1. Considering each residue of region 426-457, count those that are under 27 Å from residue 669 (Cβ atoms) and surrounded by fewer than 18 Cβ atoms within 10 Å (Cβ to Cβ), and give that number.
2. Going residue by residue through region 327-346, is there one that turns out to be in contact with a Leu (Cβ under 6 Å, 6 or more places away or on another chain), of a type in the set (A, V, I, L, M) and over 16 Å from residue 422 (Cα atoms)?
3. List the residue pairs whose Cβ atoms are under 7 Å apart, where the first residue sits in region 506-535 and is on the phi > 0 side of the Ramachandran plot, the second is open to solvent by 10 Å² or more (accessible area, probe 1.4 Å) and among the β-branched types (Val, Ile, Thr), and the two are 6 or more positions apart or on different chains.
4. Out of the residues in region 575-596 that are in a helix (DSSP H, G or I) and under 31 Å from the mean Cα position of the chain (by Cα), state the one that is surrounded by the most Cβ atoms within 10 Å (Cβ to Cβ).
5. Taking the conditions exactly as written (touching a Pro at 6+ places or on another chain (Cβ under 8 Å) and of a type in the set (Gly, Ala, Ser)), does residue 588 satisfy them or not?
6. Identify the single condition in (1) over 21 Å from residue 150 (Cα atoms); (2) more than 27 Å from the chain's Cα centre (by Cα); (3) among the aliphatic types (A, V, I, L, M) that residue 81 does not satisfy, given that it satisfies every other one.
7. For region 429-489, which fully contained strands (runs of 3 or more DSSP E) count at least 2 residues that are farther than 21 Å from residue 594 by Cα?
8. Give the residue that is farthest from residue 695 (Cα to Cα), with candidates limited to residues of region 506-522 that are buried (at least 24 other Cβ atoms within 10 Å of the Cβ) and of a type outside the set (A, V, I, L, M, F, W, C).
Amino acid sequence: MTAELVRGQNHPLSQARLEIRIAAGTPVVAGATLGDEHGTVHGVEWVVHPGAPTLPGLEVSRQAAADHRLAVDLGAVPEAVHRVHVLLALPSAGGPVRFGAVAAPFVAVTGLDGTELAGYTITGLDAESAVVALELYRRQGAWKVRAVGQGYAGGLTELLTDQGLPQAHQLANTIHEAVAQGLARAVTPPARTADGDRARQTATPAPAPEQGASATQGASGAIPPQPLSPYGTQPPGTPPQPTTPNGGPASGTSQPASPYGVQGAPATGGPQPGPTQVPADRSAAQPPAPTAGGPIDYSHPRRQNAAPPPPPPVALPVQPGQPARPVAGDATGWSMDERLYNQVWGMFEDLARSTAAYRSAVDFADSRMEKELDAALADPRNRMGGQGDAAREAARAKHAQLVEQARAAYDRDLGQLTAESEVVEPALPLAYARWDNPVWHGYRVPFEAPMAVRLGDLHLPECPELRIPMLIRLPLERGLWIDSGAAGSLDGSFLDSHELHRLAMDTAVALAARLLAVHPAGDYTLHVIDPAGSGAQALAPLVWTGVLAAPPAVGAAGVADVLARLTERVDLVQMAVRGGAADSLPPGLDTSEQLLIVNDFPHGFDDRAVTQLRYLADEGPSVGVHLMMVADREEASAYGPLLDPLWRSLMRLTPVPDDHLADPWVGHAWTYEPALVPPGSQVVQEVLNQVAEARTK
């Protein structure tokens with residue numbers, strides 16, 4: 001049972017590995033100090049903070065946030081440390097300047113499974129801008145937690161000075177500078193105003209971090225005989241066939257049969273790689289596209305504008321006492337796309353908070369009923385007869401009343417969010433819209449890349465009918481892994497491996513088509529590795545329309561060739577960017593962003609190919625090479641822990657609804673549902689035809 005602590009109260013800790021969860025009504029800075037048996041901090045190296053977020057046994061967040069999770073491993077804390085003080089502070093860059101102006105922070109000590117061991121609400125704060133929330137301390141070989149709640153009006157400087165740190169002022173400035181830099185890079189979730197409405201802030205893009213270099217890798221050695229390609233490609237070593245100007249075979253030449261029917265497809269020219277056009281200012285005129293080998297900028301486009309943004313739409317007047325009518329695009333932003341992005345983020349936040357409040361209220365009702373039943377039945381005389389029955393009925397009635405009140409409040413929130421979703425969903429632009437949105441029927445190839453793209457929908461078990469779009473910022477910071485090895489769906493139905501693999505490939509093709517469609521012509525190049533040709537049916541729309549850079553690679557030689565070219569490209573761009581010589585890249589280098597779809601991993605991959613794939617997953621996103629894998633992790637279990645970093649570096653998605661996505665904000669397990677094309681719809685084919693036509697021009 002959770003121990004609700006008051007100031008000065010302590011509680012034993014039975015676990016060494018813990019989480020300290022912090023919830024505040026405003027972004028706060030979280031940190032910790034390590035002290036000796038007297039609580040003295042001997043130097044800056046004894047303080048863990050956003051500028052130095054890790055110490056042995058401790059890890060804190062790198063930026064200010066309304067919710068934090070601090071990782072603690074008491075078994076790894078040095079022997080010289082006897083006290084660990086968890087501290088909170090208000091950022092110096094804007095926002096409230098005293099804790100008395102915000103809601104009382106709540107701090108909880110939990111196990112790794114989320115079980116709450118002790119909780120403490122820090123009350124009684126007024127002019128303080130920094131506070132020591134908790135103290136973890138050794139006592140007779142065991143660890144305990146104490147609720148402290150000691151505030152300091154002088155902020156971090158006064159707090160650190162009180163703990164005996166000589167460089168308190170300098171360290172406090174360092175912490176605030178690190179927090180300010182983190183706020184500048186972060187995508188800030190919208191905050192709530194006092195009246196409960198969202199004040200949505202413009203999301204600031206984060207620059208891509210510079211990755212480490214690696215030697216150029218390529219394919220070498222003898223190539224064994226390869227099977228005939230199901231895509232109609234020629235095995236290595238076959239003399240080249242005469243071709244027509246549009247890339248097709250000349251008359252009188254033979255070509256192997258392909259399950260995609262390439263020979264019978266409409267005559268479309270092969271994709272022409274083009275340079276990436278990344279504007280620095282969306283309000284300015286577009287600069288001329290750089291030629292091949294020109295400067296490359298894979299950072300996210302800046303969305304700054306010298307002129308103030310136009311005012312957001314205004315809601316229609318309503319009757320007194322009625323909730324405000326939702327309006328699409330009522331969030332802040334420099335463009336309607338950015339407003340809608342921030343509005344969707346706000347809807348996600350509202351649903352997460354409302355569900356967390358409802359679950360907390362139900363847990364409180366359960367805990368209260370248990371306490372009342374324990375108190376009523378503590379006296380043996382009440383265990384028999386009418387008094388015990390009356391006490392049980394009264395406890396259950398109070399429980400039902402509390403749950404009913406919580407559900408009524410939750411239903412009101414859901415009703416408002418549902419009304420907002422019904423307004424926002426039809427107004428979403430191409431990159432954010434579902435495939436069944438009519439906006440796709442008026443598709444035209446865009447002239448600039450969007451700020452985000454939709455990967456699917458998210459919902460919670462309490463309200464499965466309310467779907468929140470899952471929007472991911474572009475360019476992708478991580479690769480995608482479509483897991484084709486899930487055992488079954490949430491509705492209890494089980495699918496065989498062949499059906500799951502087909503659904504996984506359909507999901508991958510739908511996502512790839514969306515990424516191609518939302519980028520300007522020539523700004524996105526698509527490669528496919530399908531060693532055994534098992535994905536031929538699903539990949540047919542990409543092959544028929546001619547949007548692929550080359551036919552899908554088959555066999556070990558095809559895998560080695562594609563991976564060698566992409567790893568070489570990553571090496572060249574990394575060296576050019578770091579050396580400040582981006583204009584000296586080889587003239588034939590494709591400067592567009594690259595997406596590689598890998599099917600049936602690890603079949604057809606040798607050790608060298610596996611190493612190259614890991615290299616692309618780690619280093620590729622920083623220079624515009626992205627990975628999308630369709631794989632079953634169990635089939636790659638023979639590699640052991642060698643591939644664990646690969647799976648961790650990719651965002652796992654599922655071809656069927658699955659509750660595998662968890663947000664660190666409030667700890668919800670969100671159910672992800674992929675964005676698939678409606679059965680029988682030809683929208684992807686029509687969109688890809690326009691993409692291919694625009695690229696040939």
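1. Adding up the residues that qualify gives 2.
2. No - not one qualifying residue is present in region 327-346.
3. 533/554
4. Ranking the candidates gives 576 first.
5. No; evaluated as a whole, the condition is false for this residue.
6. Residue 81 satisfies every listed condition except (1).
7. Qualifying strands (runs of 3 or more DSSP E): 452-459, 468-473.
8. Once the filter is applied, the top-ranked residue is 507.
The values are calculated or read from the model by the stated rules, or taken from the named source; none is laboratory data. Since this is a predicted model, take the numbers as computed values, not measurements. With ideal geometry, Cβ positions are generated from the backbone for all residues, glycine too; neighbour counts draw on all protein chains shown. Heads up: the accessible areas ignore ligands, DNA and RNA and are worked out on the full protein's heavy atoms, side chains in. Shrake-Rupley method; radii C 1.70, N 1.55, O 1.52, S 1.80 Å.
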